[in-house]
1. Can you pull out the residues in the range 61-86 that are closer than 21 Å to residue 41 by Cα, outside any loop (DSSP other than H, G, I, E, B) and among the small types (Gly, Ala, Ser)?
2. Take the residues in the range 118-136 that are surrounded by 12 or more Cβ atoms within 10 Å (Cβ to Cβ) and without any contact (Cβ under 8 Å) to a residue 60 or more places away in the chain; name whichever of them is nearest to the chain's Cα centre (by Cα).
3. For the range 55-72, name all the residues that are hydrophobic (A, V, I, L, M, F, W, C) and either more than 15 Å from the chain's Cα centre (by Cα) or open to solvent by 50 Å² or more (accessible area, probe 1.4 Å) (or both).
4. Given (1) free of Cβ contacts under 8 Å to residues at least 40 places away in the same chain; (2) over 12 Å from the mean Cα position of the chain (by Cα), identify the lone condition not met by residue 115.
5. Pull out all pairs, ordered by first then second residue, where Cβ-Cβ is under 6 Å, the residues are six or more apart or on different chains, the first lies in the range 29-54 and is within 21 Å of residue 115 (Cα to Cα) and open to solvent by less than 90 Å² (accessible area, probe 1.4 Å), and the second is of a type in the set (Gly, Ala, Ser) and in a strand (DSSP E or B).
Amino acid sequence: MADKNPTGVNSVDTEQRVKNAALASSINAVALADLAGRLIYVNDAFLDLWQISEADVLGQPAVDFWKHPSEAARIIETLEKQGNWVGEIVARRKDHSQFGAQISAALVCDLAGQPLCMLGVFVDMTRYREAEHDFRRYTAQL
């Protein structure tokens, strides 16, 4: 039987609610995909970054949200083989606008080490790239 916390609420239930709230409230875009590569969860930051609704995302292939789906498919293959992947690729919104995204991805495994799903955490690199461009232009002027 699970331990009870002082409020009398099952601590396993409390832990699960805290984890769910942490994913949902992350300032970084977070997505979970099943092992077939279809999105099963996205947080509000993901929806904001891609400027899309949850109804347009859930159940869709994760590779559909990238400028080059074949590149995204290769990343998923690497993730399946190595268990994680970190890097940048170009994302594509529903309106076909694009942005660079830094990705930290990992397989989520059960206690026996069997994959359950894939996790991706995304950071919009637009402002960073603009600042980098401005810095290069400024230093070139010097």
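1. 62, 72, 73
2. The residue in question is 125.
3. Passing the criteria: 55, 58.
4. So the condition that residue 115 fails would be (1).
5. Correct list of pairs: 31/120; 39/31; 39/33; 42/31.
The values are calculated or read from the model by the stated rules, or taken from the named source; none is laboratory data. Computed from a prediction, not measured in an experiment: that's the story for all the values here. Note: ideal-geometry Cβ built from the backbone for every residue, glycine included; neighbour counts use all protein chains shown. Side chains are part of the model used for accessible areas, which takes the heavy atoms of the whole protein and leaves out ligands, DNA and RNA. Shrake-Rupley method; radii C 1.70, N 1.55, O 1.52, S 1.80 Å.
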